[in-house]
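Down below is the structure, laid out as structure tokens.
The values are calculated or read from the model by the stated rules, or taken from the named source; none is laboratory data. In this text, all values refer to a predicted model and were calculated from it rather than measured experimentally. Cβ placement follows ideal geometry from the backbone for every residue including glycine, while neighbour counts extend to all protein chains displayed. Side chains are part of the model used for accessible areas, which takes the heavy atoms of the whole protein and leaves out ligands, DNA and RNA. Shrake-Rupley method; radii C 1.70, N 1.55, O 1.52, S 1.80 Å.
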Amino acid sequence: MTLGGITMTATQPCSRCVLPNTHPITGIRDNKLSVSKALKQFRTGKDLGLEDEDMQEETFFGVHLDNHNLGDRDNIVTVGDVLTVIPK
């Protein structure tokens, strides 16, 4: 995929802690973990078909990305950049 001139490859699913429970504008965290509880209904490692037993009960909401332009200081991701996904 490319984003803001930066080429990236999705490497593996990313399990999340409490970040999805934090409001993106106010920064206020939902201590009841409502979002995590909802995601756990359908986004566990088992639901996603992951074979690693340690990941079966983890909740996943993202991917780790490998940045191919790491040394290039001119590439900066900004609001409004177009994300282009290149199928395998």
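Okay, here's what the table says:
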{"read-out": "All positions within the range 1-47 that are out of contact with any helix residue (DSSP H, G or I) (no Cβ under 6 Å at 6 or more places or on another chain) and basic (K, R)", "value": "R16, K32, K37, K40, R43, K46"}
{"read-out": "Check on K40, over 16 Å from P20 (Cβ atoms) and among the basic types (K, R)", "value": "no"}
{"read-out": "Pick from the range 49-88, criterion more than 17 Å from M8 (Cβ to Cβ) and surrounded by 12 or more Cβ atoms within 10 Å (Cβ to Cβ), ranking: nearest to the chain's Cα centre (by Cα)", "value": "F61"}
{"read-out": "Extreme residue, least open to solvent (accessible area, probe 1.4 Å), among residues of the range 11-41 that are within 29 Å of K88 (Cα to Cα) and in a strand (DSSP E or B)", "value": "C14"}
{"read-out": "Residues satisfying the stated conditions in the range 1-27, i.e. without any contact (Cβ under 8 Å) to a residue 60 or more places away in the chain and in contact with a strand residue (DSSP E or B) (Cβ under 7 Å, 6 or more places away or on another chain)", "value": "T9, A10, T11, Q12, P13, C14, S15, R16, V18, P20, N21, T22"}
{"read-out": "Selection from the range 21-48 of residues that are among the polar types (S, T, N, Q) and over 17 Å from the mean Cα position of the chain (by Cα)", "value": "T26, N31, S34, Q41"}
